[in-house]
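Take a look at the structure below.
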2 protein chains.
Amino acid sequence: MNQLLSKVGRYEFLAEPFHCDITYRLFIGHLGNHMLNAADFHSNDRGYGMSYLNPIHKTWVLSRLAIEMEEIPMAYDKFFVETWIEDAMKYFTGRNFSILGTDERVYGYGRSVWAMIDTETRQPTDILSVRDGLIKEYIETEKDCPIRKSSRVKINENTPLIRTISTGYSDVDINGHINSVKYIEHILDLWDIDWYREYRPQRFEIAYVAEAHCGDRLCFYREQEQQNEYNIRITKLVQDEEKEEVEVCRSKIKFIRN
Amino acid sequence: MNQLLSKVGRYEFLAEPFHCDITYRLFIGHLGNHMLNAADFHSNDRGYGMSYLNPIHKTWVLSRLAIEMEEIPMAYDKFFVETWIEDAMKYFTGRNFSILGTDERVYGYGRSVWAMIDTETRQPTDILSVRDGLIKEYIETEKDCPIRKSSRVKINENTPLIRTISTGYSDVDINGHINSVKYIEHILDLWDIDWYREYRPQRFEIAYVAEAHCGDRLCFYREQEQQNEYNIRITKLVQDEEKEEVEVCRSKIKFIRN
């Protein structure tokens, strides 16, 4: 295997104009997509990515993602996403990100936690059993990621339901699940356009609790924790059996003024 | 100006895995986005793009788009979008596309019609007045685009309303209008996931009639014209003044079996 590859991967992206919001800043969902792309390229290049895993009926599943941005790339900005493995245990691995300008200025950082599952049983599988723990060869301990880890989002029982949406064809990824990035879009859509003229997310964090499928209805609950800080819970109502709500995501967002 | 640039521009894209549907094919919306990117790069590079127009308070507005695909790029496929100007008149210009594999095989073609508007008055402006008609230097007459032009989509008066949706933050582009690509996503979401396990769009055509804004409600009307061929009309109900529906788009889709 490609033993000589560096531990940190660096990938260039463009803040495409049609991926930017009314303030000309890249949508956080599209930024998240580029981070997932970087993770995918990095792990494929090093031999423990989807292209190796899928034929042996395993896949990576994103469990948590946190993004903290001092600044957000603007339309037409080129930028780099760097990514590296921070740690790898039997059932979870931590992958960090830095988002840099082409002039090396730091836009922000990301942290993510991934599990590996068996695509037939949908059960967690041992990450370190893949290629004799190859991923451990790539753990980077020197590089700093100066943002807090995600913590469990606490949310009150009586948090109000503020929106229910149906999911459709465009929400679903190649595995038939609601796309991780689409949840980010749906969450940010809970605020109206006038809000975004004044505020942007400074820290966005999401924990994926269960998978939802096309046709499931998603229910969004939101509470304000502090000024400009919100907690969100998403539950699903499974299509054709609308009895019980099952939690699918929790998210926490802190906004700052533009 | 860059007089030496070729008339046809060619840009490489990747069918990103998170931009692909359950059949591993690139979503038509994301393909459309790459075509719009190619158009944007091509016109900017040649001096009549947004980066020249915006400071002089003009912009390109997409009026029609038709995409016809024999095959659709699959997850991780690299592909080229070629684009060129077919004709340029005072108020409209025709821009064509071909979508090619890295092995030069043809996936499909596209045709589009663009107007130019004054961003202050929102009125059409003379395309040929920009840089003394520079765009005419780039008209390509040799290259073939073997698909039909878009024609006006005829749709019956009594076509049934099948869905109404609210638009939000993620639907809106840097100009504050509903993003052209988001209409494509919303239209394709009118069919459920099981449909797409069997069928894919072979020809997708859309005409943009009026602009919609964040918060407008969009109403989708659909009729079946022939087997696997559908006509769609989208109207808007303007926020806080829900009296009169105004037509914003018409679209026609022909599906083929996967």
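The values are calculated or read from the model by the stated rules, or taken from the named source; none is laboratory data. All values reported here derive from a predicted model rather than from experimental measurement. Glycine gets a Cβ as well: all are built from the backbone with ideal geometry, and neighbour counts include every protein chain shown. With ligands, DNA and RNA removed, areas are computed over all heavy atoms of the protein, side chains included. Shrake-Rupley method; radii C 1.70, N 1.55, O 1.52, S 1.80 Å.
On a per residue basis, the protein assembly as shown carries 43 Å² of accessible surface, using protein heavy atoms and a 1.4 Å probe. Here the range A:1-155 is treated as a Stokes sphere of Kirkwood radius computed over C-alpha pairs; at 4 °C and 1.567 mPa s its diffusion coefficient rounds to 80 µm²/s. The shape of the protein assembly as shown can be summarised by an equivalent ellipsoid whose semi-axes, obtained from the alpha carbon gyration tensor, come to 37, 27, 24 Å from longest to shortest.
When +1 charges are put on Lys and Arg Cβ atoms and -1 charges on Asp and Glu Cβ atoms, the dipole computed for the range A:8-138 relative to its Cα centre reaches about 360 debye. Projecting the Cα atoms of A:M35, A:I206, A:I147 onto the charge dipole of chain A (Cβ charges, centred on the Cα centre) puts A:I147 farthest toward the positive pole.
Note on the range A:161-257: lysine pairs with Cα distance below 22 Å, sequence gap of 8 or more or different chains, count 4. Across the options A:A66, A:G49, A:Y107, the greatest Cα extent toward the positive end of the charge dipole of the range A:8-138 (unit charges at beta carbon of Lys, Arg, Asp, Glu) belongs to A:G49. The other copies place their B:T159 label points at 4.1 nm from this one, listed shortest first, where each point is 7 Å from Cα along Cα→Cβ. Sites listed here are trypsin sites (Lys or Arg not before Pro) in the range A:172-258 whose DSSP assignment is loop and whose Cβ has at most 11 other Cβ atoms within 10 Å: A:K243.
Qualifying trypsin sites (Lys or Arg not before Pro) in the range A:1-107, where qualification requires a DSSP coil assignment and no more than 16 other C-beta atoms within 10 Å, comprise A:K7, A:K90, A:R105. Spin-label pair A:S129-B:K143: with each label point 7 Å from Cα along the Cα-Cβ axis, the two points sit 5.2 nm from one another. With the solvent-accessible surface defined on protein heavy atoms using a 1.4 Å probe, which residues belonging to the range A:183-210 display a reduction of at least 50 Å² in accessible area in the multichain context relative to the isolated chain? Relative to the lone chain, where solvent access is computed with a 1.4 Å probe, the range A:183-210 loses at least 50 Å² at A:D189, A:I193. Of the GluC sites (Glu not before Pro) found in the range A:96-154, those in coil by DSSP whose Cβ has at most 14 other Cβ atoms within 10 Å are A:E104, A:E120, A:E142. The overall shape of the range B:161-257, judged from the alpha-carbon gyration tensor, is prolate: a/c is not under 1.5, and a/b is greater than b/c. Interface between chains B and A: roughly 3400 Å² of accessible area buried, both sides summed (probe 1.4 Å, protein heavy atoms only). Here the sum of -39500 (n - 2.57) over DSSP H runs of 4 or more residues, divided by the residues of chain A, equals -4000 deg cm²/dmol at 222 nm, to the nearest 500. The label point for B:Q224 and the one for B:E12, both projected 7 Å from the Cα toward the Cβ, are 4.4 nm apart.
Element breakdown for the range A:79-189 at a 1.4 angstrom probe: carbon and sulfur atoms account for 46% of the accessible area. Look at the alpha carbon pairs under 8 Å that are at least 6 residues apart: their mean separation over the length of the range A:8-138 gives a relative contact order of 27 percent.
Distances, shortest first, from the label point of A:K243 to those at the same position in the other copies read 4.9 nm; the point lies 7 Å along Cα to C-beta.
For chain B, the Cβ-based charge dipole about the Cα centre amounts to some 460 debye (Lys, Arg positive; Asp, Glu negative; other atoms uncharged). Structural size metrics of the range B:166-218, computed from C-alpha coordinates, are Rg and Dmax of 12.8, 37 Å.
Buried on complex formation within the range B:136-174 (loss of at least 20 square angstrom of accessible surface versus the isolated chain, 1.4 Å probe, ligands and nucleic acids ignored): B:Y169, B:S170, B:V172, B:D173, B:I174.
Taking chain A as a Gaussian network, Cα atoms linked when under 10 Å apart, which of A:N33, A:N175, A:N96 shows the biggest mean-square fluctuation? Of A:N33, A:N175, A:N96, the Gaussian network model singles out A:N175 as fluctuating most. Ignoring aspartates and glutamates fewer than eight residues from B:K7 along the same chain, the ones with Cα atoms less than 19 angstrom from its Cα are B:D40, B:D45, B:E82, B:E86, B:D87, B:E104, B:D132, B:E137, B:E140, B:E142, B:D144. Nearest beta carbon of chain B to the B-to-A rotation axis, with distance in whole angstrom: B:I165, 4.
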